[in-house]
Every structure is written in structure tokens, then in C-alpha cells.
There are 2 protein chains.
Amino acid sequence: MKSNDYKDLSHIMAPKSVAIIGASSNPDKVGHVILQNYIDAGYSGKIYPVNIKNEGTILGLKAYTSVLDVKKPIDVGVIAVPAMAVPQVMEECGKAGVKGLVVVSGGFLEVGNAQLQEQLVAIARKYSMPTIGPNCLGVMDPRSRIDTLFLPTYKIDRPKIGGVSFAAQSGAVGSAVLDMIGSEGFGIARFLSYGNAADVDEVDILNYLGNDKDTKVIVYYIEGVKRGKEFIEVAKRVTKIKPVVISKGGVTAAGAGAAHSHTASLAGSSQAYDAVFRQFGFTIAKDLKDLINYAKIFDTQPLATGKRIAILTNGGGIGVLATDALYNNGLELASLTKDSEDRLRKLMPATVNIRMPMDLVGDADDKRYTDALSVVGDDPNVDAILAIVLFQTPGADSRLASSLVSFAAKMKKPMVGLSVGGSYTHAHRQMMENAGMPVYESPDDAAGSLAALINYSRYRKGIA
Amino acid sequence: MKSNDYKDLSHIMAPKSVAIIGASSNPDKVGHVILQNYIDAGYSGKIYPVNIKNEGTILGLKAYTSVLDVKKPIDVGVIAVPAMAVPQVMEECGKAGVKGLVVVSGGFLEVGNAQLQEQLVAIARKYSMPTIGPNCLGVMDPRSRIDTLFLPTYKIDRPKIGGVSFAAQSGAVGSAVLDMIGSEGFGIARFLSYGNAADVDEVDILNYLGNDKDTKVIVYYIEGVKRGKEFIEVAKRVTKIKPVVISKGGVTAAGAGAAHSHTASLAGSSQAYDAVFRQFGFTIAKDLKDLINYAKIFDTQPLATGKRIAILTNGGGIGVLATDALYNNGLELASLTKDSEDRLRKLMPATVNIRMPMDLVGDADDKRYTDALSVVGDDPNVDAILAIVLFQTPGADSRLASSLVSFAAKMKKPMVGLSVGGSYTHAHRQMMENAGMPVYESPDDAAGSLAALINYSRYRKGIA
């Protein structure tokens, strides 16, 4: 199956010009917020505010009564008008040659208005205008600086530019997770909240993100899949190129009922989805936090198929817990070579227990970690490193944080951190994550993320 | 079995006077840091710095060569001298009538020095001086303002006064979790890091915290239990009075091996511990984050034996995920009474779906939540409430946060929040937690914590 059997979303995500239909001078209107977002984000293409009650200018830009009056090429129309008016403005967009649409308006199938939604789909297809929505937050892209999110800017941390693309059927989950990502160290490529998926659906989006060169990791929240067979076709291709982390709402019978009344999704059984997702190389996130946990390891770390993890720690108890967490997640402790052990015995003080989990003890500093890593990193029996740093101890400071990040950046194997604590710890965790090394807050988060990376790597290499 | 069969730790936790043995003017010495902590914390009892190389005064306080020179009553001796010198200073403490000891020094059984540890135990028992340690961080108590933690103060958030007591065999886990608690909204009663548990052990500590009137919730990290039978005896009594959240390190074979070399613990199999823990009413935390998640619901919410949870949300997708999380944790959605449904239909706009999970939709504000809660809170079919607020939406602000907290404080049923997001959300979550309502970051954390509360409540009421 070729990728051009699916809808092309590139005009929607990187448009040279945009019409905002329903734009308004009234700050309470969704169309006002969206127009303001485009201006604030520094969108460099042409912006055409459209309002049937032509206001002359809106936010300093010349306004139009209809897209038909613009008489210039329009790549994308963002529609924020009452549901009943949507077919009419879509018709006008079609006649004006608009290449794609984002309909943020609600009032369609999700409130039982099936006929209106069918009308929307018919018009979208008549004019070959791929249409995202309705009943969605729309799209955001920090590269092209488009932003249809009609939520107060000060309430959402906007992520920086990066390689993680995030698609969510639900606007609420979409904006909440986007906001979480905004307070993390990694950046995003594309954000799509696609609501009712009336025209553009999960298959089109997965295909688009799979082909998108700026997207390194796909993170997906779905409540249901309508075109199951096509979804699997696309998934088989995409998961061979890049990781797809997926969270499925409605996995219990009650949750599925809720999902149905939410986005009119047919949720299907949890077991069925899980089995299919695993078979085709998806990484399943059981909780929203795992979407973030897994996204950051995939975004920053190389693939690794081996399960032997070296643990370095400056606190014995945390080493014990991390060991438990590794085995609970199907991983194991590395056994160093005889040569590595000999070298470490010479480098380390007598208080250090060089058996895994290697306890560098409470007075470990920058130098001790670096010395230990120089041996452990080269050991052929080590597939990945979990560096635990308790920043409560005297020797753990920003110099150590910086050394670990530099070491991780140079190493060819995955390396993640684990640091449990309060504000001092949090500040150091952020420093390290901003520099590209994931640092987790709990043993299970760290081990679960390493397992996600390794299991996906094995799928890619055909190791069961 | 009577509580006075166990060691009395009250002198250690609320002493009228303390000798700090190994106190020093040298800021690099542990004894210096501890003395400085007592001064900084505003400890109001008498402090006697002791150093065999008498320095005249230390940090402005008259110093002594030996506790025998003090000639005044000493409630507790904090010992921070080299391991080999510990027996000698303990003997002197015994002769001086010191009532209890905290030995922070390492160099005992954990490095194979069994004989020295036996000597320590023999002296402690000869003089009936309950002794915490060795090889530990010691104790902290924000009420009596004692603080033996010899870690840089600026690196650890010190918790405020509250009802959660936290005991940890491991100093590293102890300080890291204490630091986490310090950045949370709840406060602590007692903190004990007891290291090798040579004299005072997990049985004594559980008994002490069980009887302690300031301790409302016990949170426990252990790697092993030496007196299994006695531990169960005490546990049976304590879990009938207050919740005990327990995290066990060394639950996998490899983790158990690591625990053995860490605190010389005999870890025992995971299944054996889990079964015993559950049977006697412990709440098991599978990950460090759960220690915090569970501590805050137990600290703030009333017991409730029913499993029917009402979900209110301003985002449909999160409602779906929370529903899944409830059922995955053995809970269920409440079904409102006919009367409640009638009342809600009158109060709510047509866009609101009053079936659980109740979607107040994206424009819900303070008033809509309060109206809905006024009905749901009274419904006899509702055992507890999960209030989801996505602070990304226009109507969700600090006024709503405040109303929810006020409602939760008045209600007789448990009520917790769930808010996913970045910095704006985080600020509101903290506001609400500081006011006594737990607000979780992910659906699974919220549902898991409600399940912990309800399962413990059922244990207390004898419901299986």
C-alpha cells in the first residue's frame, strides 16, 4: 500500500497562507483566540481573517466576509463558526480552492448530529479538502508556527521545537499532555487533536507522521479505530521506521462506554487492541505519564536490543529498588567482565561494592562516577546504563550532572538517570533533561522506559 | 503482647537534652553538620557538643571531652565518631545515664564487621539505652526540632509539621523520600532512618509509631524483617488503629541479593512478604511514588468502604482514562439515583452528560462544578468523588480550585482531584494540596490511591 493512498496533511501542517473563518474582534470568541495565536506565534505566512459580519479589520488585519472574497491562494482554512454554518463556509472554501481544513467547531456526531457530520464529510471529499475535526482543538507546529488551540495561552506551556509528534483524538487529553510536554525537556514536531475524525482519521495521521521527516517519535492517544485493517497496514510500515507510543482510552467495558459517548468511538476490547498493538510493534503506555516517560527515552537514546543493564548508584537502597524494577520489567542486571572488575578495583575506593547494582556510596562525586562509567561504558557485557544520583548527598551537584550528560551524549549505548527528591533534585533533573538525558523520578519509571526502548529495538531487529 | 515489651523511643524523638558526640568546628565533619542542624532547626533543649579533642567551644557552645564531664541529665546521645571509637563513647553514655542513642557512624555489619556490631548491641542492652543505627541518617522531628541528618540542608526540602511518619532502613531512600515529601503539601510527624537495625529494629519502630499520638499514617521502607513473628504481632495491632503503607526493597531474587550486601538484610521472597503484608492490613506500595500518593490520601481523607466512585470532569477523554483506571484498580463508577439525575438535569446545561463519568464539558467553571457537587456529594449511591479538572480550559482557575477544596473539607466522603498538565496546572495542584485535598497527576495515580484508601477501610471494617 502506497503512502499516497492516504490524505496529504502537509498543507495543513505547513501552510503558506491561512484563512481563519469565524475570526472576531471579540476576545471571548474562539476565532479571536485562534487569530491571536497565529499572530503571537509569529506565523510568517499570509493570514486572512474571515467573518460573515465583516468587521473591516480584525486585530489589525484586513477582514473578509467570505473566503471567496480573498482571491488569493489559501492553503488551509481554520473553521470556528457555529456547527449549522459549517457546511456553507466549507462549500465556499471548496470553491475558493482551499487545500485543507481544520474544523474546531463542535455540535456534530458527538451530540448525535450524524447528518451534519455526513454533510461535512461529503463536502470535504467533493473538493478533496482533507478536513481535521470537527469537535477538536486542531493543530500546532512550532516549526511552521501554526496554532489553532483556542485555550488561554498562559495556561499551557508551549513545547519547544523537537522530534516528538503527538496526536490525540481527545482535545482534553491532547492539551493536557501537550502542556505536560511543555514542562519537560524535549520538544515537539507536530501536534494534532482530531476530535470526531470524520474525514481525516487515525490512519491518515499515522501515515502522515510516519512519512514526516521531522517526526522521530510518534505519541498517540486514541479512543477507537474505525478503519482497523488500514490502520494495521500503515502501522506495520511505520513501526519499522520509528517508534509509536500508544495509549488507548476505553480499555475497560465502562471506559469503552464513556469513550462512545465522548467521541462516538467504537472502542473494542482491551485484549484485542493490546494484542494487535504489540504484534505490530507499538509501544503501549498504560498510563498518561508513560506517554511522556517513553517519548523522552525514544527521542534521545539509541536503540539497543540487549537487556543487561548496569546500575551505578550513590545510595544502596535505591539500587535495590531499581534492581527489583528492572526484573519486574523483564530486564536484568549486567555482569561485568573480569577485566572490568579488575580495572574498577584499582580505580574505586574499598568502600565501593563493584558488583551490580554498583554502590559508589554516599560520598561519590563527579570523579568517582566518571571513573566508574569509563569502565562500565566500554564493557561488552553492558547493554545500557542506569545512573542513579541522589542529589541529597554532598558530592552530587551540577558538575556531576554535567559530566553524566556529556558521557551519555558520547556513548553509543542508552543511558538514563534516576533521581528521587524535592526542589534541588528537580532543578538538576531538568538541567540534565534539557541537555538530552532522560532522568526519571522513580525506579519503576526508569526501568519501564528502558524496557520500552529495548522491547521496541528487539521488534525492529526481529528478535522476539 | 503489651506495648511496653518494646523499646521506648520517646526520649530519642522528643529529648529535653542532647549530647552530640563527635561535634566539631570543622564543617567537613558529620558531627559539625549535625550540631549545626540542631541550632538551625531551633531545637529548644540543651545541646552538649562532645569531642575527645576538646575544642573549648564549638559553634558558640561549650564543648566537653566526654559525656561524663557534662554532669547534667542527657536524654539522647547522637554518635558521629569513627566506628572503632563507638563502643568506648557508648560505655561513657551508659555511665552518664544517657537514655537513648542514635549511632550514625558506619563501619559495622554492612562492611562485614559483625563483632563490632555485636559489641554495640551488648552495650546498648547493658545500659538499657535503645540505640538507633548504626550506619544510618538517624532521626528528624519537626515538632521537637531534632535533626541528625548530616546532608547539606540546601539539598533537601524539609517537610512541615504533619501527621505522616516515615521510617526507612536505607538512608538513601529515607533522605530521597523525605525530600520528596518536603516538596509535597503534607507534613510529617517523625522521620527515622535506622540503618543496620542492630538494636532498635522494625518491630520497635512500628510499635512506637503505632502508639504515637502525632502519627496518623505510617509510611515504611524496609529491606527485611528479622523478628518476623513479633513484627506480625505488632502489625496486627497497629493496622487496626492507623494505616501503614509499606514498600519492600529486594522483592526479586536479584534485588534481594543487592539488599543483602546493602544492609545485611535477609530479604525473603516477594510472594511471602506480599501475602503476609496484605493479610495483616498493610497497604503495599509497588513504587516509591506510591508511598507519597498513598500517604497523602490517608493523611487527608476519611475512611470509606464503598467502591462506587463519582467522576466529574471538564474533559471527556480524561474521564475515559480515569474510568479505565478505576476498574483496573478494582473500583467502579457510581450510578446516581433517579432523584439526583432529575436535579442535575435541571441544574446543568444541555451539553453536560450527567451519566458517569460526568462530563461537565470544556467551558465548566466554578459554579457548574459546585452545582454538580452539591447533588453528587449527597447521593447515597456515591462512596467517593474523583474531581478531574483540566486547568488548560478557560473556566478552570484558582477560584474553582478553592471551591473544590472547601467542598472536599466539608464533605464526609473521600474526594480527590486529578489534574494533568504543566506549570499552571502544577501551581494549582500545589495550592489545593496545601489546603488538604490530594490532586494526582495521572489517572492511575488517582485511582490507585482511592483503591488503597478503600481497601484499607474495608480491612478495618472486616469486609473482605
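The values are calculated or read from the model by the stated rules, or taken from the named source; none is laboratory data. Values in this document were obtained by computation on a predicted structure and should not be read as measured data. All Cβ positions, even for glycine, are placed from backbone atoms using ideal geometry, and neighbour counts span all protein chains on display.
Take B:GLY417 and tell me if it is small (Gly, Ala, Ser), crowded, with 19+ Cβ neighbours inside 10 Å, part of a helix (DSSP H, G or I) and not assigned by TED's automatic domain parsing to the domain that holds B:ARG278.
When the stated conditions are applied, B:GLY417 does not pass them.
Condition first: of a type in the set (D, E, K, R) and not in a helix (DSSP H, G or I). Now tell me which residues in the range A:376-411 satisfy that.
Scanning the range A:376-411 gives A:ASP378, A:ASP379, A:ASP383, A:ASP397.
In this structure, is A:ASP69 within 30 Å of A:ILE232 (Cα to Cα), surrounded by fewer than 20 Cβ atoms within 10 Å (Cβ to Cβ), assigned by TED's automatic domain parsing to the domain that holds A:ALA189 and not polar (S, T, N, Q)? Break it down stepwise before answering.
On the way: within 30 Å of A:ILE232 (Cα to Cα): no; surrounded by fewer than 20 Cβ atoms within 10 Å (Cβ to Cβ): yes; assigned by TED's automatic domain parsing to the domain that holds A:ALA189: yes; not polar (S, T, N, Q): yes.
So A:ASP69 fails the test.
Return yes or no: is A:GLY448 within 14 Å of another protein chain (Cβ to nearest Cβ), in a strand (DSSP E or B) and touching a helix residue (DSSP H, G or I) at 6+ places or on another chain (Cβ under 9 Å)?
no
Assess whether B:SER335 counts as being polar (S, T, N, Q), surrounded by fewer than 18 Cβ atoms within 10 Å (Cβ to Cβ), over 20 Å from B:ALA451 (Cβ atoms) and in the same structural domain as B:ALA446 (by TED's automatic domain parsing).
For B:SER335, the condition - polar (S, T, N, Q), surrounded by fewer than 18 Cβ atoms within 10 Å (Cβ to Cβ), over 20 Å from B:ALA451 (Cβ atoms) and in the same structural domain as B:ALA446 (by TED's automatic domain parsing) - is not met.
Among the strands (runs of 3 or more DSSP E) lying completely within the range A:134-197, list those that include at least 2 residues that are assigned by TED's automatic domain parsing to the domain that holds A:ASP212, surrounded by fewer than 22 Cβ atoms within 10 Å (Cβ to Cβ) and touching a residue at least 24 places away in the same chain (Cβ under 8 Å).
A:161-168
Being among the hydrophobic types (A, V, I, L, M, F, W, C), in a strand (DSSP E or B), within 18 Å of B:VAL103 (Cβ to Cβ) and touching a Ser or Thr at 6+ places or on another chain (Cβ under 9 Å) is true for just one of B:VAL78, B:VAL33. Which residue is that? Spell out the reasoning first.
Numbers: B:VAL33 fails: in a strand (DSSP E or B).
Matching residue, one of B:VAL78, B:VAL33: B:VAL78.
Which one is farthest from the other protein chains (Cβ to nearest Cβ), of the residues in the range B:316-330 that are within 19 Å of A:ALA259 (Cα to Cα) and surrounded by fewer than 24 Cβ atoms within 10 Å (Cβ to Cβ)?
B:ASN329
Scan the range A:293-313 and tell me whether some residue there is of a type in the set (D, E, K, R), out of contact with any helix residue (DSSP H, G or I) (no Cβ under 9 Å at 6 or more places or on another chain) and outside any loop (DSSP other than H, G, I, E, B).
Within the range A:293-313 (the criterion being of a type in the set (D, E, K, R), out of contact with any helix residue (DSSP H, G or I) (no Cβ under 9 Å at 6 or more places or on another chain) and outside any loop (DSSP other than H, G, I, E, B)), the answer is yes, since at least one residue qualifies.
Is it true that some residue in the range B:335-345 is more than 7 Å from chain A (Cβ to nearest Cβ) and within 24 Å of A:TYR221 (Cβ to Cβ)?
Within the range B:335-345, not a single residue is more than 7 Å from chain A (Cβ to nearest Cβ) and within 24 Å of A:TYR221 (Cβ to Cβ).
Restrict the check to the range B:348-357 and report whether at least one residue is surrounded by fewer than 19 Cβ atoms within 10 Å (Cβ to Cβ), closer than 15 Å to B:ARG308 by Cβ, more than 32 Å from the chain's Cα centre (by Cα) and within 14 Å of chain A (Cβ to nearest Cβ).
Checking the range B:348-357: at least one residue is surrounded by fewer than 19 Cβ atoms within 10 Å (Cβ to Cβ), closer than 15 Å to B:ARG308 by Cβ, more than 32 Å from the chain's Cα centre (by Cα) and within 14 Å of chain A (Cβ to nearest Cβ).
In the range A:103-120, what residues are surrounded by 14 or more Cβ atoms within 10 Å (Cβ to Cβ), more than 14 Å from chain B (Cβ to nearest Cβ) and part of a helix (DSSP H, G or I)?
Scanning the range A:103-120 gives A:LEU116, A:GLN117, A:GLN119, A:LEU120.
Residues are listed down the side, and each one gets a yes or a no for (1) more than 23 Å from A:ILE181 (Cα to Cα); (2) in contact with a strand residue (DSSP E or B) (Cβ under 7 Å, 6 or more places away or on another chain); (3) within 12 Å of another protein chain (Cβ to nearest Cβ); (4) modelled with pLDDT of 95 or more:
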{"position": "A:VAL375", "(1), (2), (3), (4)": "yes, no, no, yes"}
{"position": "A:LEU390", "(1), (2), (3), (4)": "yes, no, yes, yes"}
{"position": "A:ALA408", "(1), (2), (3), (4)": "no, yes, no, yes"}
{"position": "A:LEU418", "(1), (2), (3), (4)": "no, yes, yes, yes"}
